[in-house]
C-alpha cells in the first residue's frame, strides 16, 4: 500500500495518526461531558472529529491509502493509550478509514475538491454507522431515532471532517511547511497533483 510513497509522506502520515490518536482520545471525554448535557445523540453531532485525520492526510498527500492508514493508526494509538473500548477500537478505525478512502477511490485519486472531501467524511460516517449498527445494537432502537442518528453522523462527517479537514490542511499549507507535498503541486496548477 505504501509503494511509491516518499519517506517524508510516510513520516507525515504517521505523525498525523499519532497526533490525532491523542486528539481522538481527548474527544471521548468531551463526548462524555456533552452526552451528560444533551443525551444519547451527543456523539452523533461530533462524530466527524473522529474522521478528520483521514481527510487532512489525503488532502495533503494524495496517494492511495492516505486516508485509511492514518485513521487506522490513530485508533491503534487510542488503544495503546488506554481507550476503554480496547482492541475492538482498531477495527472501528479500519472501517472509518475505508469509508473515508472510498470517496477518493471513486475518483481514482484525481479529485480533492471540497465536495469530495465532504463525501469522504460522509463515507466514513456511513461505514462507521453500519459497523456500529451491528456491533452496538442499533437495531433495538426506534427506527426514526436510528435515522436521526445516521443523518447527524453524516452531517458531522461532511462538515467537521470534510470542511474542517480542508480548513486545517489549508492552514498548514499556508505556513509553508507543506511545499514538498502533492497539495503544493496542486496549488501551483500541476496536472499531476
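Just so it is clear, none of the values below were taken in a lab; they were calculated from the coordinates. Because the structure is predicted, anything quoted here is derived from the model rather than measured. Cβ sites come from the backbone with ideal geometry, for glycine too, and all protein chains shown count toward neighbours.
Quick notes on this one:
- The order of 108, 88, 153, 185, going from fewest to most other C-beta atoms within 10 Å of their C-beta, is 108, 88, 185, 153.
- As a proxy for reagent exposure, 12, 89 were ordered by neighbouring Cβ count within 10 angstrom, fewest first; the result is 89, 12.
- Here the gap between residue 142 and residue 35, fully extended at 0.36 nm per residue and compared with their Cα-Cα distance, gives a gain of 36.6 nm.
- Relative contact order (percent, whole number), the chain, Cα cutoff 8 Å, 6+ residue spacing: 25 percent
- By the count of other C-beta atoms within 10 Å, a proxy for reagent exposure, 29, 111 are ordered fewest to most as 29, 111.
- Maximal additional length on extending the residue 184-residue 26 stretch stands at 53.8 nm, based on 0.36 nm per residue less the C-alpha distance.
- Using alpha-carbon coordinates, inclination of helix 88-106 to the longest axis of the chain, degrees: 50 degrees
- Cα gyration tensor, the stretch 56-151 - rounded (a/c under 1.5), prolate or oblate: oblate
- Here the relative contact order of the stretch 23-76, from alpha carbon pairs under 8 Å that lie six or more residues apart, stands at 27 percent.
- Note on residue 174 and residue 84: their simple-model spin labels are 3.8 nm apart, each label 7 Å out from Cα toward Cβ.
- A Stokes-Einstein calculation at 10 °C with viscosity 1.306 mPa s, built on the Kirkwood radius of the stretch 88-138 over Cα pairs, returns a diffusion coefficient of 143 µm²/s.
- For the chain, the longest principal axis of the Cα atoms and the long axis of helix 7-38 meet at an angle of about 30 degrees.
- Residue 6 versus residue 19: modelled label distance in nm, points set 7 Å from Cα along the beta carbon direction: 1.8 nm
- Using alpha carbons only: equivalent-ellipsoid semi-axes of the stretch 1-59, gyration tensor based, whole Å: 31, 11, 6
- Using alpha carbons only, the radius of gyration of the chain set against its Kirkwood radius gives Rg/Rh = 0.98.
- Principal-axis analysis of the Cα atoms of the chain puts helix 68-80 at an angle of about 50° to the longest axis.
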